[in-house]
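Reviewing the structure listed below.
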Amino acid sequence: MACYPVLLSIPHGGDQIPPEVAEYVSLTEREMLADGDVFTREIYGIREKTAVVVDTPIARAFIDLNRAATDLPPGNPDGVIKSHTCHGVPVYRSDIWNDGQLVNNLIEKYYFSYHHQLQDQLERYQQRHLVLMLDCHSMEAVGPKIAPDSGVERPSICLGNRSGKSCDTAMTQHMAQSLRRAFELSADQITINKPFAGGYITRHYGNKPVPCLQIELNRGLYLDQTEQGDWDFRINASKIAEMREKFSFALELFFS
């Protein structure tokens, strides 16, 4: 079985609450899942075929690993540890920011442990024969109210390379073509750097030493909708398996 020389980072696929803050949380399960990249661990986490997979069980609503460690409320309510979700919903019943030790402990235990894993694997890139890092996400089908593209329909897949700074154009285009073929998409259904050019992980690790691409799958590809038009967060096993198989095929095409 092929083992592709790629490091997969899946920072937003968790669905667990850190026990340190469980008593303070005001989010419903639906609000928590809506803030994260639900089922991305299942879609992207093809450990049997890739050199390295780094992920977390902790939900994005509580620890956002795709932020700088200093990106905190009140400056950014949607920072590394949040006061509000990306949809503007309060995360906690009370103000935990008065407890600086708690905030520091959360960052140390969950945030830095994740980034230490990434750094360790990248330092061993020659041993692992790594040639690429993918930071793996999902995105809303339509830009939410807080987004710069609010109300705009999004593509099926978006690749971000920080305008060529984290991965060169040729490699990015090759990945786009591989995804387009694997997911059976038309050319206009895959975009580069629009609406997402790549977040903190892509910016921080890109070309240090291997290229890094952020990949965003439209949630409409694998989530059903309720009669009210909301996402149905119950797993559709056949769709998840289909997405996983197509992503695996895209890597096969890319590295062939």
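Every number here is computed from the coordinates shown, using simple stated rules; none is lab data. The shown structure was predicted, so the numbers you read here are calculated from the model rather than taken from an experiment. So basically every Cβ, Gly included, is an ideal-geometry build from the backbone, and we count neighbours across all protein chains shown.
Taking the Cα centre of the stretch 179-256 as origin and assigning +1 to Lys and Arg Cβ atoms and -1 to Asp and Glu Cβ atoms, the resulting dipole is close to 440 debye. The ellipsoid equivalent to the alpha-carbon distribution of the stretch 17-110 has semi-axes of 24, 15, 12 angstrom, derived from the gyration tensor eigenvalues as √(5λ) and listed largest first.
Screening the chain for DSSP H helices whose Cα atoms reach 15 Å or more along their own axis and whose mean Kyte hydropathy is at least 0.0 gives 237-255.
The Cα atoms of the chain cover 52, 46, 32 Å along the three principal axes, with the biggest extent listed first. In the stretch 51-163, one over the average inverse separation of all distinct C-alpha pairs is 16.3 Å, which is the Kirkwood hydrodynamic radius. Partner aspartates and glutamates whose Cα lies under 19 Å from the Cα of LYS208, excluding those fewer than 8 positions away in the same chain, are identified as ASP120, GLU123, ASP135, ASP168. Residue exposure proxy: MET171, MET32, ordered by other Cβ atoms within 10 angstrom of their Cβ from fewest to most, comes out as MET171, MET32.
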